[in-house]
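J.: The structure that follows is given in the form of structure tokens.
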Amino acid sequence: MDITVQWIRTTWTKQSRGGEAAARRNAAPVGFTVPPLRPSSAHVVRMHERDGFEPYDRQEDRRKVDVELREADGRLRVLPRVRPLFALPPRRRRPPAVRLLPGQWVRWQLNYRFSSAAGMQDWSYWLDTFNIAYGPMDAEAFLAAPTVSVDERGPLR
């Protein structure tokens, strides 16, 4: 069965926590048109504060994406891996894996915050958005509302 994976990572610093920069960051898309992919590839999109949150994309081996995908009993089990644990903002217990039927897709969002080991640099942040479809899909499917949505974002302070 076809599996389509799109991994979007948006990164920023405290400079984009408010004002116009935060408005640009918050306006960043959470889904993109998927280009034709090589077998076992993922569509990876990156947006950085230093580039004004302009997206750039590439294809990567699906195994490099921090998400566990397992097919069983006609369903796709989806569970993003959370690494590194020291970067997690406070949040409730992790939700269980999502099991997709053919024709369904999930949008799963997680955020992180980091400080330098010595505390000498400012905080930095990132938001991971995983759009994952099971079965044949249209290239623009991730521009619409997902079948299942999981918001695992915590407060970033």
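Each value in this text was obtained by applying a stated rule to the coordinates, not by laboratory testing. Here the structure is a predicted model, which is why all the values come from computation and not from measurement. Note: ideal-geometry Cβ built from the backbone for every residue, glycine included; neighbour counts use all protein chains shown.
J.: Restricting to the range 55-78, count the residues that are surrounded by 13 or more Cβ atoms within 10 Å (Cβ to Cβ) and free of Cβ contacts under 8 Å to residues at least 60 places away in the same chain.
T.: Here is the first cut: in the range 55-78, the residues surrounded by 13 or more Cβ atoms within 10 Å (Cβ to Cβ) are 55, 57, 59-60, 62, 65-67, 69, 75-78.
The next check asks that each one be free of Cβ contacts under 8 Å to residues at least 60 places away in the same chain; those that pass are 55, 57, 59-60, 62, 75, 77-78.
Matching residues across the range 55-78 total 8.
J.: Output the qualifying pairs, or none if there are none: Cβ atoms under 7 angstrom, residues six or more apart or on different chains, first residue in the range 3-31 and over 26 Å from R63 (Cβ atoms), second residue charged (D, E, K, R) and surrounded by fewer than 16 Cβ atoms within 10 Å (Cβ to Cβ).
T.: T13/D122; K14/D122
J.: I'd like to know if the range 88-108 contains one or more residues that are free of Cβ contacts under 8 Å to residues at least 40 places away in the same chain, in contact with a Ser or Thr (Cβ under 9 Å, 6 or more places away or on another chain) and buried (at least 16 other Cβ atoms within 10 Å of the Cβ).
T.: No - not one qualifying residue is present in the range 88-108.
J.: Let me ask something additional. Counting just the residues of the range 1-54 that are under 18 Å from T129 (Cβ atoms) and acidic (D, E), which one comes out surrounded by the most Cβ atoms within 10 Å (Cβ to Cβ)?
T.: E49
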